[in-house]
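See structure below.
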Amino acid sequence: MNRSQSLVAAAAAAAWVVVSPPALAQVGAPVTIVDANAATEQQLSAMPQLTPALVKEIVARRPFPSITELDALLGRTLSPEQRTSLYGRLFVHLNLNTATREQILLIPNAGPRMVREFQEYRPYKALAQFHREIGKYVDATELARLEQYVFVPIDLNAASDADIQTIPGVGARMLREFKEYRPYKALDQFRREIGKYVDVGEVARLERYVTIN
């Protein structure tokens, strides 16, 4: 291959890299918050808005199906301002494709305009799509802050190791169990197989983040 042919081949390879598919669906990387369903009691107790009684009740009621249920619990004792402050440190991730207007507005400093932008680009196929579209309206720091509150369900049969491990609390062992039973035919199969290793509540928590395409 002469020099000219080599340059053409290199250009073609570079072009392939640019157009290759983005990462599959993911959970946003934490910046300031921890997942309310996976936070340790020590992490919860360190939050000034949470009394020992509230910490105990949160742990007993987990997993929360969505932020709505956590907000209803906390609303019995915390003011809206206290909850907004808390949600800068603690949250239940929002499914980008199903989150309601009211749920999105629970993200601190996410007003009506951001609700509109979140919902405009549905259905999201990957978190990379959210990053690209919302990045049109906010800077990189704000994008990272918003992204930590959301997820797009991960395809059980196609997700990479890295994507699966973005689910809070999923380490090397659970990654192995997720992959062992591929291909999944239905979510009932996921519940049955993963239920061999964790209790019903933990299966329900994990199930929020997955789908079968």
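The values are calculated or read from the model by the stated rules, or taken from the named source; none is laboratory data. The model shown is predicted, which means the values in this text are computed figures rather than measured ones. As a convention, Cβ positions derive from the backbone with ideal geometry for all residues, glycine included, and neighbour counts pool all protein chains shown.
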Study note, to complete from the structure: Pro123: passes all of (1) touching a residue at least 24 places away in the same chain (Cβ under 8 Å); (2) in the same structural domain as Asn109 (by TED's automatic domain parsing); (3) under 18 Å from Phe91 (Cβ atoms) but (3)
Practice item. Please go through the stretch 79-122 and pick out each residue that is more than 18 Å from Ile134 (Cβ to Cβ) and among the aromatic types (Phe, Trp, Tyr). Key: Tyr87
Check your understanding: Within the bounds of the stretch 77-92, is there any residue that is touching a Lys or Arg at 6+ places or on another chain (Cβ under 8 Å) and either modelled with pLDDT of 95 or more or on the phi > 0 side of the Ramachandran plot (or both)?
Key -> no
Check your understanding: Do you know which residues across the stretch 113-146 are basic (Lys, Arg) and farther than 19 Å from Glu102 by Cα?
Key -> Lys125, Arg132, Lys136
Check your understanding: Taking Arg113 and the conditions (1) more than 25 Å from Leu54 (Cβ to Cβ); (2) of a type outside the set (Phe, Trp, Tyr); (3) not in a helix (DSSP H, G or I), which numbered condition does it fall short on, given that it satisfies the others?
Key -> (3)
Revision key, fill the gap. Note on the stretch 152-177: residues among the hydrophobic types (A, V, I, L, M, F, W, C) and touching a Leu at 6+ places or on another chain (Cβ under 7 Å) are Val152, Ile154, Ala158, Ala159, Ile164, Ile167
Practice item. Restricting attention to the stretch 197-213, report how many residues are hydrophobic (A, V, I, L, M, F, W, C) and either exposed (fewer than 12 other Cβ atoms within 10 Å of the Cβ) or touching a His at 6+ places or on another chain (Cβ under 9 Å) (or both). Key: 1
Exercise for review: Filter the stretch 166-213 for residues that are within 24 Å of Pro123 (Cα to Cα) and either more than 20 Å from the chain's Cα centre (by Cα) or in a helix (DSSP H, G or I) (or both) and give the result.
Suggested key: Pro183, Tyr184, Lys185, Ala186, Leu187, Asp188, Phe190, Ala204, Arg205, Leu206, Glu207
Practice item. Go through the stretch 122-143 residue by residue and tally those that are in a loop (DSSP other than H, G, I, E, B), surrounded by 14 or more Cβ atoms within 10 Å (Cβ to Cβ) and under 17 Å from the mean Cα position of the chain (by Cα). Key: 3
Point to revise | Unique residue being surrounded by 14 or more Cβ atoms within 10 Å (Cβ to Cβ) and of a type outside the set (D, E, K, R) when the list is Thr84, Thr98 | key: Thr84
Check your understanding: Which one of these is closer than 17 Å to Asn95 by Cα and small (Gly, Ala, Ser): Ala186, Ala159?
Key -> Ala159
Practice item. Could you tell me which residue of the stretch 144-165 is surrounded by the fewest Cβ atoms within 10 Å (Cβ to Cβ), considering only residues that are in a helix (DSSP H, G or I) and without any contact (Cβ under 8 Å) to a residue 24 or more places away in the chain? Key: Asp161
Check your understanding: In this structure, does Gln42 turn out to be over 21 Å from Arg208 (Cβ atoms) and surrounded by 13 or more Cβ atoms within 10 Å (Cβ to Cβ)?
Key -> no
Practice item. Would you confirm whether any residue within the stretch 180-196 is among the aromatic types (Phe, Trp, Tyr), free of Cβ contacts under 8 Å to residues at least 40 places away in the same chain and exposed (fewer than 14 other Cβ atoms within 10 Å of the Cβ)? Key: no
